[in-house]
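Chemist: Before anything else, here's the structure in question.
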Amino acid sequence: MGLMEGKTGLIVGIANERSYAYFIAESLLREGATCLFTHLPGEKMERRVRRSCESLGVDDPWLQPLNAASDEELDAVFKQIETDHGKLDFLVHSIAFADKDWLKEGAFTHTPREVFRDAVDISAYTFAAMADRAAPLMKDGGSMIAISYYGAEKAAPGYNVMGVAKSALESTTRYLALELGQNEIRCNAISGGPFRTMSAMAVGGFGKIMDVVAERAPLRRNVEGREVGDAAVFLLSNLSSGVTGQVLYVDCGFSSIVM
Ligand SMILES: NC(=O)c1ccc[n+]([C@@H]2O[C@H](COP(=O)([O-])OP(=O)(O)OC[C@H]3O[C@@H](n4cnc5c(N)ncnc54)[C@H](O)[C@@H]3O)[C@@H](O)[C@H]2O)c1
């Protein structure tokens with residue numbers, strides 16, 4: 001029997017077959033989970049995510065449009081889950097956004113107010129906004145995760161305002177864990193190593209970061225998508241029933257060394 005048998009959850013963040021969320025879904029499905037999905041509004045986005053679901057072996061996915069910046073769309077998604085499934089056991093928040101013009105080396109000091117605000121809104125606040133709507137559906141307890149990066153803690157070239165947003169995301173994780181724990185709902189973050197996805201390519205210094213990890217990380221390589229997927233299974237399954245408010249590094253050990 002799979003570790004996620006009988007559990008139903010929402011996965012937000014598949015853009016294509018390279019997305020971290022895609023690998024997380026792959027591992028969860030392998031362990032028997034029922035996965036529900038969202039796509040950014042628009043036919044093209046829907047087609048793309050539907051194709052990814054098919055390649056995961058889910059031919060008739062539960063799939064709803066969601067721009068997480070909209071409270072109305074968030075309300076609609078969770079209301080539809082309640083209507084169709086009645087409960088939720090897990091939530092995967094795997095989204096981030098910052099205007100790529102400000103993700104260049106040397107650009108941070110000039111970041112405009114609205115760019116800063118939007119990055120923190122989409123990349124961090126939305127985890128709290130989703131948790132607020134998901135928690136009432138987690139009637140038997142539950143587990144939520146968000147995906148962070150080491151740039152939350154240390155300054156990484158070109159990561160800029162996204163690093164600020166990830167610090168906010170990790171702190172949001174701890175405050176959610178504190179408040180939701182009394183209902184046996186756990187909230188954790190995975191700090192994933194650099195991985196070539198659509199979002200990652202928008203970060204100015206990304207290639208350089210990958211090269212440094214491959215050279216210096218204890219495992220002397222970059223992380224694979226399935227490694228983040230399998231860590232997500234751990235955090236979303238009963239295996240981690242005593243773990244909440246934590247950041248789990250899945251980064252080939254890079255965050256554990258000085259040089
Ligand atoms: N790729 C990496 O190197 C890396 C490393 C550590 C953490 N992360 C984090 O992993 C998560 C997933 O990113 P990824 O690397 O898989 O890239 P990705 O581009 O495949 O996924 C990003 C997702 O965010 C979604 N998104 C953006 N704005 C949205 C909005 N307003 N509403 C709803 N969805 C929105 C996109 O549609 C996309 O599905 C992000 O939080 C990212 O910061 C990535």
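Chemist: Could you please give the count of residues in segment 180-189 that are away from the ligand (no atom under 11 Å from the Cβ), not basic (Lys, Arg) and not in a helix (DSSP H, G or I)?
Modeler: Restricting attention to segment 180-189, the residues satisfying the condition of being away from the ligand (no atom under 11 Å from the Cβ) are 180-188.
Adding the requirement that they be not basic (Lys, Arg) leaves 180-185, 187-188.
So of that shortlist, the ones also not in a helix (DSSP H, G or I) come out as 184-185, 187-188.
Looking only at that region, the number is 4.
Chemist: A further question follows. For segment 134-149, how many residues are more than 14 Å from the chain's Cα centre (by Cα) and within 14 Å of the ligand (Cβ to nearest atom)? Break it down stepwise before answering.
Modeler: Our first condition is that a residue be more than 14 Å from the chain's Cα centre (by Cα); within segment 134-149, this holds for 134-142.
If we keep only those that are within 14 Å of the ligand (Cβ to nearest atom) as well, we get none.
Total meeting the criteria: 0.
Chemist: Here's a follow-up. Has segment 225-236 got at least one residue that is at pLDDT 95 or above and part of a loop (DSSP other than H, G, I, E, B)? Before you say what the answer is, go through the steps one by one.
Modeler: Restricting attention to segment 225-236, the residues satisfying the condition of being at pLDDT 95 or above are 225-236.
Applying the additional criterion that residues be part of a loop (DSSP other than H, G, I, E, B) yields none.
No, segment 225-236 has no match at all.
Chemist: Looking for something farther than 24 Å from Thr8 by Cα and within 14 Å of the chain's Cα centre (by Cα) - is there at least one such residue anywhere in segment 203-221? Break it down stepwise before answering.
Modeler: Looking only at segment 203-221, we keep the residues that are farther than 24 Å from Thr8 by Cα, and these are 203-221.
Restricting the remaining residues to those that are within 14 Å of the chain's Cα centre (by Cα) gives none.
Within segment 203-221, none of the residues are farther than 24 Å from Thr8 by Cα and within 14 Å of the chain's Cα centre (by Cα).
Chemist: Please indicate, with yes or no, whether at least one residue in segment 51-70 is of a type in the set (Phe, Trp, Tyr), farther than 23 Å from Ala119 by Cβ and in contact with a helix residue (DSSP H, G or I) (Cβ under 6 Å, 6 or more places away or on another chain).
Modeler: Let us first name the residues in segment 51-70 that are of a type in the set (Phe, Trp, Tyr), namely 62.
With the extra rule that they be farther than 23 Å from Ala119 by Cβ, the set shrinks to 62.
Right, trim to in contact with a helix residue (DSSP H, G or I) (Cβ under 6 Å, 6 or more places away or on another chain) and you get none.
No, the conditions are met nowhere in segment 51-70.
Chemist: Against the conditions (1) assigned to a loop (DSSP other than H, G, I, E, B); (2) more than 8 Å from the ligand (Cβ to nearest atom); (3) touching a Lys or Arg at 6+ places or on another chain (Cβ under 8 Å); (4) on the phi < 0 side of the Ramachandran plot, where does Thr197 fall short? Just the number, please.
Modeler: The one condition Thr197 does not meet is (2).
Chemist: Starting from segment 196-217, keep only residues that are without any contact (Cβ under 8 Å) to a residue 40 or more places away in the chain, then list their pairs with residues that are more than 8 Å from the ligand (Cβ to nearest atom) whose Cβ atoms are within a distance under 8 Å, requiring at least 6 positions of separation or different chains.
Modeler: Met210/Asn222; Ala214/Arg220; Ala214/Arg221; Ala214/Asn222
Chemist: Against the condition on the phi < 0 side of the Ramachandran plot, surrounded by 22 or more Cβ atoms within 10 Å (Cβ to Cβ) and touching a residue at least 12 places away in the same chain (Cβ under 8 Å), how does Ala33 come out, does it pass?
Modeler: Details: on the phi < 0 side of the Ramachandran plot: yes; surrounded by 22 or more Cβ atoms within 10 Å (Cβ to Cβ): yes; touching a residue at least 12 places away in the same chain (Cβ under 8 Å): yes.
The answer is yes for Ala33.
Chemist: Among (1) assigned to a helix (DSSP H, G or I); (2) touching a residue at least 40 places away in the same chain (Cβ under 8 Å), there is one condition Met259 misses while meeting the rest; what is its number?
Modeler: Of (1) assigned to a helix (DSSP H, G or I); (2) touching a residue at least 40 places away in the same chain (Cβ under 8 Å), only one is false for Met259: (1).
Chemist: Here's something else I'd like to know. Specify the residue that is surrounded by the most Cβ atoms within 10 Å (Cβ to Cβ); the eligible residues are those in segment 116-160 that are without any contact (Cβ under 8 Å) to a residue 24 or more places away in the chain and under 22 Å from Ile81 (Cα atoms).
Modeler: That would be Asp132.
Chemist: Residues in segment 98-115 that are within 16 Å of the ligand (Cβ to nearest atom) and in contact (Cβ under 8 Å) with a residue 40 or more places away in the chain: how many?
Modeler: 5
Chemist: Something else: Any idea which of Gly9, Gly57 is more than 13 Å from the ligand (Cβ to nearest atom), in contact (Cβ under 8 Å) with a residue 24 or more places away in the chain, part of a loop (DSSP other than H, G, I, E, B) and not basic (Lys, Arg)?
Modeler: It is Gly57.
One line per residue, one yes/no per condition, for (1) more than 15 Å from the ligand (Cβ to nearest atom); (2) among the charged types (D, E, K, R):
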| residue | (1), (2) |
| --- | --- |
| Tyr159 | no, no |
| Lys166 | no, yes |
| Leu178 | yes, no |
| Ser191 | no, no |
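Chemist: Shifting gears a bit: Go through (1) within 16 Å of the ligand (Cβ to nearest atom); (2) surrounded by fewer than 19 Cβ atoms within 10 Å (Cβ to Cβ); (3) not in a loop (DSSP other than H, G, I, E, B) for Leu239 and report which single condition fails.
Modeler: Leu239 satisfies all of (1) within 16 Å of the ligand (Cβ to nearest atom); (2) surrounded by fewer than 19 Cβ atoms within 10 Å (Cβ to Cβ); (3) not in a loop (DSSP other than H, G, I, E, B) except (1).
The values are calculated or read from the model by the stated rules, or taken from the named source; none is laboratory data. Here the structure is a predicted model, which is why all the values come from computation and not from measurement. No Cβ is skipped: glycine too gets one built from the backbone with ideal geometry, and neighbour counts run over all protein chains shown.
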